[in-house]
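Asker: Okay, here's the structure, questions in a sec.
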Amino acid sequence: MNIVIAGPQGSGKGTQAELIAKKYLLTHVSAGDVLREEMAKKTVLGQEISNIINKGNLIPDTLMNEVMEKKILDLKKQNILFDGYPRTKDQTEFITSTLQIDKIIELTLTDGQAVERLSTRRVCEKCGMNFNTVTLKPKKEGVCDSCGGKLIQRADDYPDAIKKRLADYHKNNRPVMSLLKSKAKYYKVDGSPSIEEIFKKICSLLGT
Ligand code: AMP
């Protein structure tokens, strides 16, 4: 079973994806994490990706599809939960022709809520774990609970980059959803309640 979790930036896709992957034994593939892994390698490709991401722009489709195809091949037919991919019509056409997508979960959130959540998000620069200065505080301020790494604000979580990312999301989401809906079972879930409530709702829809 392959699932896509979609939703605007800040809707909690990554957090829900981790919970879903654990419960339903899927491999969580976050497009953003795959790209950040490449950036951390400090390769020429990683530098190219870094320049695009830090401005809040999307990675061109051909490059994004290549990176994801490589990841899928590395996973050798494991069941995958895609998070943050596909984000454009071209990526959707590519992935649906590469493997079968069985279910789509779309989290919804207003732009105002998304901006508020993203500007208070903090990420561990070492292990990538997410925190929030309001809703998911670390035990010790500025320090990751999991590995002790430093918590930072991502370059693309500043207001100008957030606005650009949300604009891209709205432009692309409609064609992506309509294509995915024609291929897989679709569930729409309100992304504004607590992490626990959203997860409970998702489990009730997917079945236990
Ligand atoms: P995320 O961690 O999902 O918010 O992604 C961080 C950044 O990575 C985005 O703002 C884009 O620049 C890039 N990115 C992630 N997923 C994709 C995708 N499917 N297509 C193009 N760019 C992406």
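Asker: Under the condition of being surrounded by 13 or more Cβ atoms within 10 Å (Cβ to Cβ) and of a type in the set (S, T, N, Q), which residue from the range 20-46 is nearest to the ligand (Cβ to nearest atom)?
Answerer: Ser30
Asker: Find all pairs meeting these conditions: Cβ atoms under 9 angstrom apart; at least six residues apart or on different chains; first residue within the range 33-49 and in contact (Cβ under 8 Å) with a residue 60 or more places away in the chain and closer than 17 Å to Tyr85 by Cβ; second residue within 12 Å of the ligand (Cβ to nearest atom) and hydrophobic (A, V, I, L, M, F, W, C).
Answerer: Arg36/Ile49; Arg36/Ile53
Asker: So which residues in the range 1-31 are in a loop (DSSP other than H, G, I, E, B) and either farther than 20 Å from Ala167 by Cα or of a type in the set (S, T, N, Q) (or both), if there are any at all?
Answerer: Matches in the range 1-31: Met1, Asn2, Gln9, Ser11, Leu25, Leu26.
Asker: Looking at the range 177-184, is at least one residue within 17 Å of the chain's Cα centre (by Cα) and surrounded by 13 or more Cβ atoms within 10 Å (Cβ to Cβ)?
Answerer: Yes, the range 177-184 contains at least one residue that is within 17 Å of the chain's Cα centre (by Cα) and surrounded by 13 or more Cβ atoms within 10 Å (Cβ to Cβ).
Asker: Hey, another quick one. Just for the range 32-57: of the residues that are assigned to a loop (DSSP other than H, G, I, E, B) and among the charged types (D, E, K, R), which one is modelled with the lowest pLDDT? Write out each step before concluding.
Answerer: Narrowing the range 32-57 to residues assigned to a loop (DSSP other than H, G, I, E, B): 41-43, 55-57.
Filter again for among the charged types (D, E, K, R), leaving 41-42, 55.
Working: Lys41: 88, Lys42: 86, Lys55: 82.
The qualifying residue modelled with the lowest pLDDT is Lys55.
The values are calculated or read from the model by the stated rules, or taken from the named source; none is laboratory data. Given the structure is predicted, the values throughout are model-derived calculations rather than measurements. Here Cβ is always computed from backbone atoms with ideal geometry, including for glycine, and neighbour counts include all displayed protein chains.
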